[in-house]
Amino acid sequence: MILRILLHAISLALMLAGVPASGQPVRADHAEAELIARAQALVPGKPATLGLRIKHDREWHTYWINPGDSGMPTTLQWKLPPGTKAGPIQWPTPKRIPLPPMMNHGYDGEVVLPVEITLPADWPVGQTAKLAARADWLICKDVCIPGGADLTLSMPVVAADPAPDPKWASLFEAAFAAMPAGKVPRAEATTAAGIIALKLHGVKPLPGREVYALAGVEGLVESAAPQTVKVEDDVTVIALNVTSNLSFTESRFSGIVVGVADKAMAFEAPLTGKLVAGKGIEEGGAKPQKPVAAPGAEDLSLALALVFAFLGGTILNLMPCVFPILSLKVLGFARGGGISAMRINGMAFAAGVVLSFLVLAGILLGLRAAGEAIGWGFQLQSPAVVTLLALLFFVIGLNLSGVFEFQSLLPHSLASATLDHPAADSFLSGVLAAVVASPCTAPFMGAALGFAITQGTLASLLVFGALGVGMAAPYVLLAWFPAWLKRLPRPGPWLATFKQFLAFPMYATVVWLAWVLLLQLGPNAIIWFGAALVLIGLGTWMIARPGGGAWRAFAALVAVAGVVIAWPGGESAATPAATSQAEGWAPWSKDEIAKLNGAGTPVFVDFTAAWCVTCQVNKKVVLETRAVRDAFAAKSVKLMRADWTRRDPAITAALAEFGRNGVPVYVLHAPGKPPLILPEILSERIIADALKGL
């Protein structure tokens with residue numbers, strides 16, 4: 001009894017000391033692999049669940065125990081301490097991966113393949129167990145690449161049952177939820193003339209579910225061949241084609257069946273009859289409907305993606321979302337200041353733009369690596385960021401209107417320093433330009449971004465950096481070669497009027513961002529936001545009035561109170577989708593698109609967001625015109641709107657399927673045809689040309 005208490009005390013001490021399981025992920029071609037554990041420690045003599053975690057790059061996959069018509073199953077070769085036992089891989093139900101005329105079985109995204117490990121019963125408590133394994137796999141997309149890694153995992157050993165590791169709990173739960181649940185009560189299989197008739201007793205197809213069987217061994221069943229299913233009393237009979245390159249010689253047929261229960265079920269049946277090779281699959285079968293676009297992200301090399309990113313960044317300056325910042329830069333050029341100063345300021349502005357794009361890209365890639373389903377423009381999906389930007393633009397507008405000068409907000413010494421270093425102001429202007437412009441998508445930019453998020457970190461950052469360079473390039477060129485600026489009148493009284501005029505684009509931006517908040521948080525938030533504008537306006541006006549320290553402190557308190565009351569307190573029930581329905585657009589649904597196409601109805605999908613100004617311009621100038629609405633009606637096109645104003649993982653995933661990572665995206669789904677991706681900038685002619693194919 002005392003020994004047991006002592007062992008439990010040692011175990012508890014180790015757990016409280018925070019001795020974690022430790023292993024390092026290994027990056028290979030288009031995948032990351034790692035050994036992980038379901039619990040935080042091992043117990044001598046008791047089985048523990050470990051797993052091979054594979055995180056695939058987008059559109060890449062590895063294979064199940066039976067890879068199908070091509071491929072190679074993932075394998076593990078363990079290097080374990082003496083007396084330690086490892087069981088076989090426990091395979092979750094795979095996805096069917098069509099590659100006409102073949103069909104493969106495997107996994108994409110992030111998956112864990114569980115394995116049961118048991119330490120010897122006499123393993124000393126408190127002594128770390130060092131486990132190692134060699135993992136090998138084949139990873140495929142359009143090409144296949146053999147991959148592998150030598151993986152290690154160090155685990156603390158305790159006497160008491162350890163707690164689950166919260167880091168991997170959801171991943172293991174998903175793997176076990178995908179395991180076949182139970183076994184078919186009785187199964188038998190007979191073969192003749194290249195066909196296997198698999199009889200499953202005591203199970204029936206579920207309503208609305210596709211029923212199919214996956215052989216658990218290679219070289220027996222033609223995976224891509226259609227399977228016929230019929231029900232005889234309480235027996236489900238599935239007919240499967242024997243593969244043309246038959247290499248199976250066993251007397252039992254095993255595998256899993258899908259569609260007869262909520263989860264897949266295992267089966268094992270004696271195989272009787274004469275087993276002969278089948279006819280195989282004829283070429284020219286149905287091929288997957290890949291999206292059609294010009295150009296698509298899947299067609300890009302890194303060099304071409306960099307070119308597209310640069311061009312997209314340059315064109316981004318012409319997008320409506322950049323107009324407020326563009327007006328500030330025009331004001332800066334109008335002020336002059338000498339060629340040398342303009343060049344320095346231009347380079348500082350470029351540095352602010354490029355660095356901000358790289359920081360935003362780093363945050364985006366980091367969040368996606370952590371499992372967040374977000375895309376480009378994610379910052380404006382946050383009501384807090386929208387609120388801060390709206391208040392900032394309001395303050396800039398007040399400054400341009402002459403309500404106050406920024407120097408009046410700063411101590412005299414700091415204000416003098418800012419006047420002596422205008423490059424800092426240019427750098428911050430570049431930062432603001434990148435933050436505001438990034439939610440928009442310009443021509444060429446969508447394909448480049450879609451390419452970037454499927455690549456490694458270095459390649460992705462190069463693409464995002466090229467985007468920033470493209471956006472900053474016109475300002476740098478104008479600052480470096482300012483000959484055309486000689487046509488501008490010299491600074492004078494007109495400049496003060498021009499400065500005040502430029503306040504109105506800022507106020508318009510505030511109205512736009514307030515509308516975004518309305519859709520994100522509901523009408524109550526706008527009441528508080530309006531009150532905040534009043535307080536901030538009053539506070540900045542008071543700061544500009546003559547007065548001592550107490551007066552300025554009170555004025556600053558008033559302005560800060562405005563920021564506080566405007567701060568979003570949480571999400572409300574406001575739904576952008578409801579607005580879309582009121583306008584005659586149904587909310588986007590992937591399943592509904594498939595049903596409508598199956599019934600012969602074409603579907604046009606508008607991937608949009610309230611904070612995407614380009615989206616709103618396309619909507620007003622093209623999609624809501626009488627000519628376009630009539631054209632849709634004439635072709636009986638169903639209209640759907642995928643509203644990305646707030647974060648929506650399903651819409652993020654749908655965008656990724658089209659090789660895109662931001663909005664706007666416009667897709668025409670025609671029955672029996674690949675989805676057609678339209679350009680980011682629409683016109684009535686573009687819509688009309690797309691509808692001609694219906």
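The values are calculated or read from the model by the stated rules, or taken from the named source; none is laboratory data. In this text the structure is predicted, and so the values were computed from the model without any measurement. Here the Cβ is made from the backbone with ideal geometry for all residues, glycine too, and neighbour counts use every protein chain on show. Heads up: the accessible areas ignore ligands, DNA and RNA and are worked out on the full protein's heavy atoms, side chains in. Shrake-Rupley method; radii C 1.70, N 1.55, O 1.52, S 1.80 Å.
Tabulated results
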quantity	calculated
Only one of Ala525, Ala559 that is under 28 Å from Trp588 (Cβ atoms), at pLDDT 75 or above, in contact with a helix residue (DSSP H, G or I) (Cβ under 7 Å, 6 or more places away or on another chain) and part of a helix (DSSP H, G or I)	Ala525
Residue within segment 645-662 that is in a strand (DSSP E or B) and under 21 Å from Ala361 (Cα atoms) present	no
Subset tally (residues that are open to solvent by 40 Å² or more (accessible area, probe 1.4 Å) and over 30 Å from Asp69 (Cα atoms)) for segment 150-175	7
Lone unmet requirement of (1) surrounded by 21 or more Cβ atoms within 10 Å (Cβ to Cβ); (2) modelled with pLDDT under 65 for Leu449	(2)
Some residue of segment 232-243 being under 18 Å from Gly71 (Cβ atoms) and surrounded by 13 or more Cβ atoms within 10 Å (Cβ to Cβ)	yes
Strands (runs of 3 or more DSSP E) completely within segment 36-98 that count 3 or more residues being under 30 Å from Asn241 (Cα atoms) and over 27 Å from the mean Cα position of the chain (by Cα)	62-68
Whichever residue in segment 619-639 is surrounded by 14 or more Cβ atoms within 10 Å (Cβ to Cβ) and closer than 11 Å to Val603 by Cα and, among such residues, is farthest from the chain's Cα centre (by Cα)	Lys635
Single unsatisfied condition, Pro114 versus (1) touching a His at 6+ places or on another chain (Cβ under 9 Å); (2) surrounded by 19 or more Cβ atoms within 10 Å (Cβ to Cβ)	(1)
Conditions (1) modelled with pLDDT of 85 or more; (2) under 25 Å from Thr645 (Cα atoms): number failed by Trp567	(1)
Complete set of residues in segment 578-614 that are outside any loop (DSSP other than H, G, I, E, B), modelled with pLDDT under 80 and open to solvent by less than 10 Å² (accessible area, probe 1.4 Å)	Ser580, Thr614
Cross-chain or 6+ apart pairs with Cβ under 8 Å, segment 16-32 first and more than 15 Å from Ala163 (Cα to Cα), then of a type in the set (Ser, Thr, Tyr) and at pLDDT 90 or above	Ser22/Ser154; Gly23/Thr152; Gly23/Ser154; Gln24/Thr152; Ala31/Thr62
Counted residues, segment 355-389 - those being at pLDDT 75 or above, open to solvent by 10 Å² or more (accessible area, probe 1.4 Å) and within 19 Å of Val516 (Cβ to Cβ)	6
Leading residue by the ranking (modelled with the lowest pLDDT) among those in segment 164-212 that are acidic (Asp, Glu) and in a loop (DSSP other than H, G, I, E, B)	Glu210
Selection status of Arg343, more than 24 Å from the chain's Cα centre (by Cα) and modelled with pLDDT under 85	yes
Filter pass, Thr614 being in contact with a helix residue (DSSP H, G or I) (Cβ under 8 Å, 6 or more places away or on another chain), within 30 Å of Thr387 (Cβ to Cβ) and among the hydroxyl-bearing types (Ser, Thr, Tyr)	yes
Positions within segment 99-110 being assigned to a strand (DSSP E or B) and farther than 24 Å from Leu153 by Cα, in sequence order	Leu99, Met102, Met103, Asn104, His105, Gly106
Residues (of a type in the set (A, V, I, L, M), under 22 Å from Pro88 (Cα atoms) and surrounded by fewer than 19 Cβ atoms within 10 Å (Cβ to Cβ)) located in segment 121-149	Ala121, Ala132
Considering residues of segment 212-231 that are farther than 18 Å from Gly68 by Cβ and touching a residue at least 24 places away in the same chain (Cβ under 8 Å) only, the residue surrounded by the most Cβ atoms within 10 Å (Cβ to Cβ)	Val229
Given (1) open to solvent by less than 40 Å² (accessible area, probe 1.4 Å); (2) modelled with pLDDT of 60 or more, number of the condition Pro320 does not satisfy	(2)
Some residue of segment 255-265 being more than 20 Å from Ile65 (Cβ to Cβ), of a type in the set (D, E, K, R) and either open to solvent by 10 Å² or more (accessible area, probe 1.4 Å) or under 34 Å from the mean Cα position of the chain (by Cα) (or both)	yes
